[in-house]
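Structure first, then comments.
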Amino acid sequence: MSAEPEPIEEEKALPGQLKGPAEALRVATERNFGPYFVGNALSASGTWFQNLAASLLVFRLTHSPFALPALAAAALIYLRVRATPSAPSRPPARPPERA
């Protein structure tokens, strides 16, 4: 056995297939990318503002900084409970057949 590691072959692009910044630019100029990006940005900021407002409300009602981690923990537990039923319980028995 050789002590030298074997060189790792880089994944080669197929002819006509872009990689790296050129592919990112191509995706960014797609017709549907603008509404997708704006929608995700609005959703993320809405979630952030909702969390901020809930924290401010809890702090104003309780005047306790120790209630804020409890609020964050409750939000994480809620998300975990809500996400569990959507997760598959086991992988499919066999891959789907291609037409």
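Structure above, values below:
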quantity: Phi-based couplings in Hz for region 61-78 (Karplus 6.51, -1.76, 1.60; Gly and Pro marked x); calculated: 7, 9, 6, 10, x, 6, 7, 5, x, 5, 5, 5, 5, 5, 5, 5, 5, 4
quantity: Likely footprinting exposure, Glu30, Glu23, fewest C-beta neighbours within 10 Å first; calculated: Glu30, Glu23
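We did not get these values from a lab; they are worked out from the coordinates using the rules stated. From a predicted model like this one, the values you see are computed outputs, not experimental measurements. Virtual Cβ from ideal backbone geometry, glycine too; neighbours counted across all protein chains shown.
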